[in-house]
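What follows is one structure encoded as structure tokens, with my remarks underneath.
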Ligand SMILES: Cc1cc2nc3c(=O)[nH]c(=O)nc-3n(C[C@H](O)[C@H](O)[C@H](O)COP(=O)(O)OP(=O)(O)OC[C@H]3O[C@@H](n4cnc5c(N)ncnc54)[C@H](O)[C@@H]3O)c2cc1C
Ligand code: SF4
């Protein structure tokens, strides 16, 4: 790991100033469970000049409900979300997504903001610099995507963004998309549908370099609300999703009034399924309809040689997660 200066910020303003005044790359750090791995493996072309600790800023760690909306401070941990009685009751899809992330130790240190801002896990991209040298793929400014011709079992089944087929690995991202959250930053309020971007080089979000997530707001559950989350991974614990899925429905006597469905692990960004949402709206939710919604969601899939199995998982997980909303 290359040397950098570490700052304990005491306020959000101070953290932003430290970011702005850095003459080289600067990163904020929360739990550090993703960032430290990136730094140790020298993932980026330029080493950071500054790493700014957010955990020393008071007031970013609260879970509260205001006007029936859920407010999550950026530093709220995944364990706190998983264990919160109000979240389990009113936004169960989010509580379950947090519960399925990593391991207990990771959930104890991993924060909600860090979870949605984490880097992709493509194994070529993450290849440690100290073993054989850095692999400069397209996402690191090189010319080739090694995954296309190499091992792409875990990669996108819906095509590439700027020739990169890495997937967004977050477990809580699809839950927040399904629940139509808003990300509040030091600069603006960002609807979650607009938050993720694989267009920005190595970043996974649209955040500017001097922009910090302060809070995530999840709207009040509508009448007849139900939400669910499922994750399929090779290993039962401490594994990233092959495919995960969150659904949030508003139900009236078993009929779907409104639906939001989001897959992850299948594309560069969390993947909404608008055609399936439209299909469900106004109809009675049955097993057959749920399966039809799953089929429709993957109708445009373009799997690669080794990851066709993820298409089957994606359509099944959508159907299962929809039926979970009836329980
Ligand atoms: C072994 C292992 C297993 C894992 N398993 C999973 C898994 O199953 N599912 C999953 O979703 N993730 C998993 N992760 C990834 C990750 O560690 C967690 O998702 C965790 O929630 C990240 O949060 P953090 O607070 O530690 O982030 P950090 O490492 O502190 O930060 C991650 C990124 O977010 C940025 N960031 C952090 N806070 C803010 C903020 N407030 N504003 C702007 N940017 C910010 C940082 O600059 C950095 O780029 C795993 C990681 C490891 C090491
Ligand atoms: S999928 Fe993206 S991150 Fe992975 S090797 Fe290809 S360009 Fe690099």
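The numbers here are math on the coordinates, done by the rules we state, and not lab data. Owing to the predicted nature of the structure, the values given are computational and were not obtained by experimental measurement. No Cβ is skipped: glycine too gets one built from the backbone with ideal geometry, and neighbour counts run over all protein chains shown.
Structure notes:
- 25 °C / 0.890 mPa s Stokes-Einstein diffusion coefficient of the stretch 56-100, Kirkwood radius on C-alpha pairs, µm²/s: 229
- Bridges between two residues of the chain, per DSSP, are antiparallel at a rate of about 85%.
- Max-minus-min Cα coordinates of the stretch 85-201 on each principal axis give 48, 31, 29 Å, with the largest extent listed first.
- Helix 12-21 axis versus longest C-alpha principal axis of the chain: approximately 50°, rounded to the nearest ten.
- Alpha carbon convex hull of the stretch 134-194, volume per residue in cubic angstrom: 139
- Extent of the stretch 190-277 along its three principal axes (Cα atoms, max minus min coordinate, largest first): 46, 33, 25 Å.
- With the highest mean first, a sort of the peptides 313-324, 163-174, 79-90 on other beta-carbon atoms found within 10 angstrom per residue produces 163-174, 313-324, 79-90.
- Cβ crowding within 10 Å averaged over residues, with 2-12, 215-225 ranked highest first: 215-225, 2-12
- Sorted by Cβ neighbour density within 10 Å, fewest at the top, the residues 231, 302, 61: 302, 61, 231
- Rounded to 10°, Cα long-axis angle of helix 309-324 versus longest principal axis of the chain: 60
- Ordered by the number of other Cβ atoms lying within 10 Å of each residue's own Cβ, fewest first, 245, 262 fall into the sequence 262, 245.
- Peptides 53-60, 264-271, 250-257 ranked from most to least packed, by the mean per-residue count of other Cβ atoms within 10 Å: 264-271, 53-60, 250-257.
- Computed over the chain, Kirkwood Rh from alpha-carbon pairs, angstrom: 20.2
- Mean residue ellipticity, 222 nm, helices only, the chain: the sum of -39500 (n - 2.57) across DSSP H runs of n ≥ 4, divided by residue count and rounded to 500, is -7500 deg cm²/dmol.
- Enclosing the Cα atoms of the stretch 1-116 in their convex hull gives a volume equal to 109 cubic angstrom per residue.
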